[in-house]
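Working notes for the structure below.
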Amino acid sequence: MKDIEVDELKERLEKNEKFVFIDVREVYEYEEDNLGAWNIPLAQLPHKLSELEPHKDEEIIIHCRSGARSGNAKQFLETKGYPKVRNVLGGILAYRELEED
């Protein structure tokens, strides 16, 4: 599925649209600053598939600091049969930059 730009994510969060939102950064990064997503560090993702299984056919939006780890998470979930996974391009850095404008 096509990745998502931070402006679209911001708009969808403001509208409280329904999607599964995952932050794959480490816990300490999440505690410093987060967007309210479900925190599953990338290394833990393979161990959390049973928790994600009920959401397999829902839209899943994944973000990290810059978009690299979430890109890897997207690829991993796609290989596990998740058809609607989107990566936040630029990650939380781009999101916070957008808020400053």
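The values are calculated or read from the model by the stated rules, or taken from the named source; none is laboratory data. From a predicted model like this one, the values you see are computed outputs, not experimental measurements. Methodologically, a virtual Cβ is constructed for each residue, glycine included, from the backbone with ideal geometry; neighbour enumeration extends over all protein chains shown.
Before we move on, is Y82 in a loop (DSSP other than H, G, I, E, B) and surrounded by 14 or more Cβ atoms within 10 Å (Cβ to Cβ)?
On the way: in a loop (DSSP other than H, G, I, E, B): yes; surrounded by 14 or more Cβ atoms within 10 Å (Cβ to Cβ): yes.
Considered against the rule, which asks whether it is in a loop (DSSP other than H, G, I, E, B) and surrounded by 14 or more Cβ atoms within 10 Å (Cβ to Cβ), Y82 comes out as yes.
Which one is nearest to H63 (Cα to Cα) among residues in the range 1-51 that are small (G, A, S) and free of Cβ contacts under 8 Å to residues at least 12 places away in the same chain?
Initially, the range 1-51 is screened for residues small (G, A, S), giving 36-37, 43, 50.
Now drop any that are not free of Cβ contacts under 8 Å to residues at least 12 places away in the same chain, which leaves 43, 50.
Working: A43: 14, S50: 20 Å.
Looking at the filtered set, the residue picked out is A43.
If F21 meets every condition in (1) assigned to a loop (DSSP other than H, G, I, E, B); (2) closer than 13 Å to R86 by Cβ; (3) of a type in the set (A, V, I, L, M, F, W, C) apart from one, which number is that one?
All conditions are met except number (1).
Can you name every residue in the range 1-26 that is surrounded by fewer than 11 Cβ atoms within 10 Å (Cβ to Cβ) and within 14 Å of the chain's Cα centre (by Cα)?
Pass one, the range 1-26, residues surrounded by fewer than 11 Cβ atoms within 10 Å (Cβ to Cβ): 2, 14-16, 18.
If the condition is that a residue be surrounded by fewer than 11 Cβ atoms within 10 Å (Cβ to Cβ) and within 14 Å of the chain's Cα centre (by Cα), then K2, K18 are the ones that fit.
Is it the case that the range 43-53 has a residue that's at pLDDT 95 or above, under 15 Å from R86 (Cβ atoms), out of contact with any Ser or Thr (no Cβ under 6 Å at 6 or more places or on another chain) and not hydroxyl-bearing (S, T, Y)?
First pass over the range 43-53, keeping only residues at pLDDT 95 or above: 43-53.
With the extra rule that they be under 15 Å from R86 (Cβ atoms), the set shrinks to 52.
Next, only the ones that are out of contact with any Ser or Thr (no Cβ under 6 Å at 6 or more places or on another chain) stay: 52.
Cutting the leftovers down to not hydroxyl-bearing (S, T, Y) gives us 52.
Yes, there is a match, as at least one residue in the range 43-53 is at pLDDT 95 or above, under 15 Å from R86 (Cβ atoms), out of contact with any Ser or Thr (no Cβ under 6 Å at 6 or more places or on another chain) and not hydroxyl-bearing (S, T, Y).
Return yes or no: is L35 surrounded by fewer than 18 Cβ atoms within 10 Å (Cβ to Cβ), part of a loop (DSSP other than H, G, I, E, B) and out of contact with any Gly (no Cβ under 6 Å at 6 or more places or on another chain)?
Numbers: surrounded by fewer than 18 Cβ atoms within 10 Å (Cβ to Cβ): yes; part of a loop (DSSP other than H, G, I, E, B): yes; out of contact with any Gly (no Cβ under 6 Å at 6 or more places or on another chain): yes.
The answer is yes for L35.
Being among the hydroxyl-bearing types (S, T, Y) and in contact with a His (Cβ under 8 Å, 6 or more places away or on another chain) is the filter here; which residues of the range 26-77 pass it?
S70
Pairs only if they're at least six apart or on different chains, beta carbon under 8 angstrom, first in the range 70-99 and within 14 Å of V6 (Cα to Cα), second acidic (D, E) and in a helix (DSSP H, G or I); list them, first residue then second.
G90/E97; L98/D7
So, Y30, is that one assigned to a loop (DSSP other than H, G, I, E, B), in contact with a strand residue (DSSP E or B) (Cβ under 8 Å, 6 or more places away or on another chain) and at negative phi or not?
Values: assigned to a loop (DSSP other than H, G, I, E, B): no; in contact with a strand residue (DSSP E or B) (Cβ under 8 Å, 6 or more places away or on another chain): yes; at negative phi: yes.
When the stated conditions are applied, Y30 does not pass them.
Working carefully through the options R69, R65, find the one that is assigned to a loop (DSSP other than H, G, I, E, B) and either surrounded by 18 or more Cβ atoms within 10 Å (Cβ to Cβ) or among the aromatic types (F, W, Y) (or both).
Details: R69 fails: assigned to a loop (DSSP other than H, G, I, E, B).
From the options R69, R65, the qualifying one is R65.
Being over 11 Å from the mean Cα position of the chain (by Cα) and closer than 19 Å to V6 by Cβ is the filter here, so list the residues in the range 35-65 that pass it.
Of everything in the range 35-65, nothing turns out to be over 11 Å from the mean Cα position of the chain (by Cα) and closer than 19 Å to V6 by Cβ.
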